[in-house]
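Enquirer: Can you keep this structure in mind? I'll have questions shortly.
The values are calculated or read from the model by the stated rules, or taken from the named source; none is laboratory data. Nothing here was measured: the structure is a model prediction, and the numbers come from that model. When we count neighbours, we look across all protein chains shown, and the Cβ atoms used for this are built from the backbone with ideal geometry, even at glycine. Side chains are part of the model used for accessible areas, which takes the heavy atoms of the whole protein and leaves out ligands, DNA and RNA. Shrake-Rupley method; radii C 1.70, N 1.55, O 1.52, S 1.80 Å.
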Amino acid sequence: DKPYDQFVREQVAGDLLAGWGTAERADSVVATTFLMLGPKMPSADDPIKQQLDIVDEQIDAVSRAFLAMTVACARCHAHKFDPFSTRDYYALAGIFKSTRSMLGYRVDSKFNLTALTTEADNRVLSGLEQQMDQADDILVNGNKVDMSADERKQHTDQLNAAYDKMAKIPTAMAVEEGTVADMPILLRGNHLTPAQLVARGVPRILQVPRPFKITAGESGRRELANWLTDPANPLTARVMVNRIWHWHIGTGVVRSVDNFGRLGERPDNQALLDWLALRFVESGWSIKHLHRLIMNSRTYQMTSQVDALASKKDPENRLLWRMNARRLEAEELRDSL
């Protein structure tokens, strides 16, 4: 029952939360693989656009998963429906552009690897990456006509030896701090038309009472993680309790569980959503506590039997006068067998 706020902070900034040599280092670093997964394009002709596309995907993943909002829509213009501006987008983009996800941006770029053991192993890993790049470059781009079979074998052996050494170091495909810098607003999302510089930060409409101040020399992911899990953040707790309610009841209090924006649905019961979110935070962000709270409720324990009068007044069962009948998922069918 890892507290959900801790879980979220590790997804976004686990590498910054646990120092080398601590017991929780490996788990925290592996958690940041969340930022590495997804539909990324590691082979592109334009290295700058490649990096910005990866940043865009990371903003989209974080905002959808934890805030149920589509902030990435503001890359090229102010959001058409929700109150997010291009300034808000590039404030977030500066945080993720200051984060290293790839070892380089090129046609055959590689995802960043981090050692899960010691800082010394991580330095060894970095050296092995350079050896592999050098040997690979010679084998692929070298003068194949003048290269003898013995020379080719020598470089191949060097490459394989580096692979063997790397295989002995436990690693994770994880992010780490990169070159820290703010980003300019890019007109229409085009990196060839930069405008004014924007300080790294979070969407202005979602500000919390505590100031968003980035530690000198850091990307801002640590502060972003703390902002996401601040009890005063208006969305993070609500989004998670709504998802859990959705899986137990069959529909969310907000039926558009992935979209709390203008095009999403309004809550069927705003007071219930707020109450659940408050209880969630007060319990120490305990998901187990939330499961118990919902499953011990009269709402969860009702039958799916139809009542004619209630059905006439509320045909969609938005007020939950009965339990919604729903199909079993494949895993539930398997477990029941």
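Enquirer: Quick check for me: using +1 on Lys/Arg Cβ and -1 on Asp/Glu Cβ, what's the dipole size of the chain about its Cα centre, in debye to the nearest 20? Please list the in-between numbers first.
Expert: Working: 42 positive and 44 negative charges, 306 e Å.
Here the chain has a charge dipole of around 1460 debye.
Enquirer: Now, a different point. Roughly how many Å² is the accessible area per residue of the chain, as a whole number, for a 1.4 Å probe? Write out the running numbers ahead of the final one.
Expert: Working: 18250 Å² over 337 residues.
The answer is 54 Å² per residue.
Enquirer: What do you get for Rg/Rh of the stretch 160-238 when both radii come from the Cα atoms and Rh is the Kirkwood radius?
Expert: On the way: Rg = 18.3 Å, Rh = 16.1 Å.
That ratio equals 1.14.
Enquirer: Classify the stretch 87-166 as rounded, prolate or oblate, taking a ≥ b ≥ c as the square roots of the eigenvalues of its Cα gyration tensor: rounded when a/c is under 1.5, otherwise prolate if a/b is larger than b/c and oblate if not.
Expert: Values: a/c = 5.18, a/b = 1.78, b/c = 2.92.
Oblate, because a/c is 1.5 or more while a/b does not exceed b/c.
Enquirer: Sort ILE205, ILE249, ILE287 by accessible area with a 1.4 Å probe, largest first.
Expert: Numbers: ILE205 100, ILE249 0, ILE287 45 Å².
Most to least solvent-accessible, the answer reads ILE205, ILE287, ILE249.
Enquirer: What number, rounded to the nearest 500 deg cm²/dmol, is the helix-based mean residue ellipticity at 222 nm of the chain, given -39500 (n - 2.57) per DSSP H run of at least four residues and division by all its residues? Display every interim value, and only then the final one.
Expert: Numbers: 13 runs with 157 residues, N = 337.
So the calculated ellipticity at 222 nm is -14500 deg cm²/dmol.
Enquirer: For the chain, with the dipole built from +1 on Lys and Arg beta-carbon atoms and -1 on Asp and Glu ones, taken about the Cα centre, which of ILE169, VAL257, CYS76 lies farthest toward the positive end?
Expert: Most positive-ward Cα: VAL257.
Enquirer: Which of the trypsin sites (Lys or Arg not before Pro) found in the stretch 158-247 are in a DSSP loop and have at most 16 neighbouring Cβ atoms, other than their own, within 10 Å?
Expert: Counting only loop positions with at most 16 other Cβ atoms within 10 Å, the trypsin sites (Lys or Arg not before Pro) in the stretch 158-247 are LYS168, LYS213.
Enquirer: Return the label of the correct value of percent of Cα pairs over 37 Å apart, as calculated from the structure shown, out of (1) 21; (2) 12; (3) 33.
Expert: Label (3) holds the value from this structure.
Enquirer: What is the Cα coordinate range of the stretch 7-165 on the first, second and third principal axes, sorted by size from largest, in whole angstrom?
Expert: Here the Cα extents, ordered largest to smallest, are 64, 41, 19 Å.
Enquirer: On to the next question. I'd like the carbon and sulfur percentage of the solvent accessible area for the chain, probe radius 1.4 Å, heavy atoms only, ligands and nucleic acids excluded. Let's see the in-between values first.
Expert: Values: 9910 of 18250 Å².
Roughly 54 percent of what the probe reaches on the chain is carbon or sulfur.
Enquirer: Roughly speaking, what is the stretch gain from SER148 to ASN269, that is 0.36 nm per residue apart minus the C-alpha to C-alpha distance, in nm to one decimal?
Expert: Working: separation 121, 0.36 × 121 = 43.56 nm, distance 7.51 nm.
Additional length available on full extension: 36.0 nm.
Enquirer: Can you spot the lysines whose alpha carbon is less than 30 Å from LYS97's alpha carbon? Ignore those fewer than 8 places along the same chain.
Expert: Within the straight-line cut-off, LYS97 pairs with LYS2, LYS40, LYS49, LYS80, LYS110, LYS213.
Enquirer: Using a 1.4 angstrom probe and counting only protein chains, how large is the accessible area of GLU177 in Å², to 10?
Expert: 50 Å²
Enquirer: So how strong a dipole does the stretch 237-283 carry about its Cα centre when Lys and Arg Cβ are +1 and Asp and Glu Cβ are -1, to the nearest 20 debye? Could the numbers behind the result be given before it?
Expert: On the way: 6 positive and 5 negative charges, 15 e Å.
About 80 debye.
Enquirer: Still on this structure, I have one more. Restricting attention to the stretch 245-337, which trypsin sites (Lys or Arg not before Pro) occupy a DSSP loop and are surrounded by at most 14 other Cβ atoms within 10 Å? Kindly include the intermediate steps, with their values, before the conclusion.
Expert: Numbers: sites: ARG255, ARG262, ARG279, LYS288, ARG292, ARG298, LYS312, LYS313, ARG318, ARG322, ARG326, ARG327, ARG334; in loops: ARG255, ARG262, ARG318, ARG322, ARG326, ARG327.
Loop-located and lightly packed - ARG262, ARG318, ARG326, ARG327.
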